[in-house]
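J.: Provided herewith is a single structure, encoded as structure tokens, for subsequent inquiry.
Throughout, read-outs are computed from the coordinates displayed, never taken from laboratory work. Predicted model only: the values in this text are computed from it and were never measured. Cβ coordinates were reconstructed from backbone atoms using ideal geometry, including for glycine residues, and neighbour counts include every protein chain displayed.
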């Protein structure tokens, strides 16, 4: 690999999720691999091997010829009952879910289907069939920091460009920017409407997306966005729901269970991929980051996203904020118990405010961490540790989960 700030050549990045998919296919008849478009789901799905299947069949439902093969779904399933079947972009034919339940019950065998999708199933019109006990939904993220580091890509480049292979792999930042421009245009003009089977206004989507990028990590207030875009609050809530369902934004909920003080209950909203966030804010090189108005919020969102990617299903992320200003950027919760309180600082010598310690007391003083871009870890006091993001996600988080 040749690497500088602006130019590098990267070979195929190994995805850690492969091992988990292969394990799940040994435990479930159906595994559904969900994630945003252009994240590499198709390439990865085709690489999966299932030990008890000799034959594999792949269908891309964006190809009319493959879609036609499912005109008689029952006959198709019966004909290929002994195959490992991969169905790409399954949300295009949501009635498939209705036929999968009786098909699995007819031949209960693990590792029969691998589905990929670019939209949350609960938001797809026509998907109502329960496949409980027969399917495992697994999210595939863009390339994570740990995967990037293994491929000799620095944290600063990964933060700048984000994790989509189309933005991370090009030789120049200029090429990466063009990819992001095309990605945003495609989502706004076609993909969101196509994914969910409804008509959306491209200009509103793009303007809304840009507004979210300018208020990264802000407390959600639908009325503010609705007034600015000239639409109703229910409409803007629906647009946010669709962007979340397409894995583009994250709503980080507020933690207010057992709170004895008046606390904020509305969620924070983040654009999940830092590269897309930087595209909207015209940040094109690593040198553009220091001093930019969005840099602190960008680093906060980047850290939160990388940590969330490491969490098992039984640990959920929240933030905590009182109306008097006590705040914690990220609280990890198991059941009703806070496991860790995390403050994110874009600084090599962070200063933690009194409000952070007040919030810690409200949460009964769970282990506290301050995450910075880089540097040697140290104790800020007896219960608060300062450390880099890389150290937290590679070493510290394993002690918590």
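J.: Tell me whether the range 346-386 comes out rounded, prolate or oblate; compute the Cα gyration tensor, take square roots of the eigenvalues as a ≥ b ≥ c, and use a/c under 1.5 as the rounded threshold. Working shown, then result.
T.: On the way: a/c = 2.56, a/b = 1.76, b/c = 1.46.
Because a/c hits 1.5 or more and a/b exceeds b/c, the range 346-386 counts as prolate.
J.: Among 399, 49, what is the fewest-to-most ranking by other Cβ atoms within 10 Å?
T.: Numbers: 399 8, 49 11.
Sorted ascending by nearby Cβ count, the order is 399, 49.
J.: Top mean-square fluctuation among 162, 217, 182, Gaussian network model of the chain, C-alpha springs under 10 Å?
T.: Highest fluctuation among the options: 182.
J.: Please report how far the C-alpha centroid of the range 45-124 lies from that of the range 130-196, rounded to the nearest whole angstrom.
T.: 24 Å
J.: Testing the spin-label approximation: label points 7 Å from Cα along Cα→Cβ at residue 74 and residue 394. State their distance in nm.
T.: Label-label distance for residue 74 and residue 394, simple model: 5.6 nm.
J.: How do 62, 343, 241 line up, fewest other C-beta atoms within 10 Å first? Walk me through the numbers on the way to the answer.
T.: Values: 62 12, 343 25, 241 15.
Least to most surrounded, the residues fall as 62, 241, 343.
J.: Also, quick follow-up: GNM on the chain, C-alpha springs below 10 Å: top fluctuator among 251, 337, 206?
T.: Of 251, 337, 206, the Gaussian network model singles out 337 as fluctuating most.
J.: Would you mind checking the tilt of helix 233-245 against the longest principal axis of the Cα atoms of the chain, expressed as 0 to 90 degrees and rounded to 10?
T.: Helix 233-245 and the main axis of the chain meet at about 70 degrees.
J.: If you fit an axis through the alpha-carbon atoms of helix 173-186 and take the longest principal axis of the Cα set of the chain, what angle between them do you get, 0 to 90°, nearest 10?
T.: Rounded to the nearest ten degrees, it is 60.
J.: Given R₀ = 25 Å, FRET efficiency for residue 203-residue 178 by Cβ-Cβ distance, to 0.05? Don't skip to the answer; put the middle values down first.
T.: On the way: r = 21 Å, r/R0 = 0.84.
Approximately 0.75, to the nearest 0.05.
J.: Report, in whole Å, the centroid distance computed from the Cα atoms of the range 230-281 and the range 295-336.
T.: For the range 230-281 versus the range 295-336, the Cα centre distance is 13 Å.
J.: I've got another one for you. Kindly express, to the nearest 10 degrees and within the range 0 to 90, the angle between helix 202-214's C-alpha long axis and the longest C-alpha principal axis of the chain.
T.: 30 degrees
J.: Is the range 81-144 rounded, prolate or oblate when judged by the Cα gyration tensor, a ≥ b ≥ c being the square roots of its eigenvalues, rounded requiring a/c under 1.5 and prolate requiring a/b larger than b/c? Could you put the intermediate results ahead of the total?
T.: Values: a/c = 1.83, a/b = 1.27, b/c = 1.44.
Judged from the Cα gyration tensor, the range 81-144 comes out oblate (a/c at least 1.5, b/c at or above a/b).
J.: Right, another one. Exposure proxy check: 380, 330 ranked by fewest other beta carbons within 10 Å? Write out the running numbers ahead of the final one.
T.: Numbers: 380 15, 330 23.
So the residues, fewest neighbours to most, are 380, 330.
J.: Within the range 32-52, what residues put their amide N at less than 12 Å from the label point 7 Å along the Cα-to-Cβ vector of residue 137?
T.: Backbone N within reach: 32-35.
J.: Another question, then. Return the FRET efficiency for the residue pair residue 190, residue 381: r is the Cβ-Cβ distance, R0 is 51 Å, and the value is rounded to the nearest 0.05. Please list the in-between numbers first.
T.: Values: r = 52 Å, r/R0 = 1.03.
In this case the efficiency is close to 0.45.
J.: Now for a separate question. With a ≥ b ≥ c taken as the square roots of the eigenvalues of the C-alpha gyration tensor of the range 317-362, please select rounded if a/c is under 1.5 and otherwise prolate if a/b is larger than b/c or oblate if it is not? It would help to have the intermediate numbers written out before the result.
T.: On the way: a/c = 2.27, a/b = 1.38, b/c = 1.64.
In terms of gyration-tensor shape, oblate.
J.: OK, next. How big is D, in µm² s⁻¹, for the chain by Stokes-Einstein at 10 °C and 1.306 mPa s if Rh is the Kirkwood radius over C-alpha pairs?
T.: On the way: Rh = 22.6 Å.
Calculated translational D: 70 µm²/s.
J.: If the label point is 7 Å along Cα→Cβ of residue 146, which residues in the range 309-324 have backbone nitrogen under 13 Å from it?
T.: 309-312
J.: Which residue fluctuates most in the GNM of the chain (Cα springs below 10 Å): 278, 158, 324?
T.: In this elastic network of the chain, the residue with the biggest mean-square fluctuation among 278, 158, 324 is 324.
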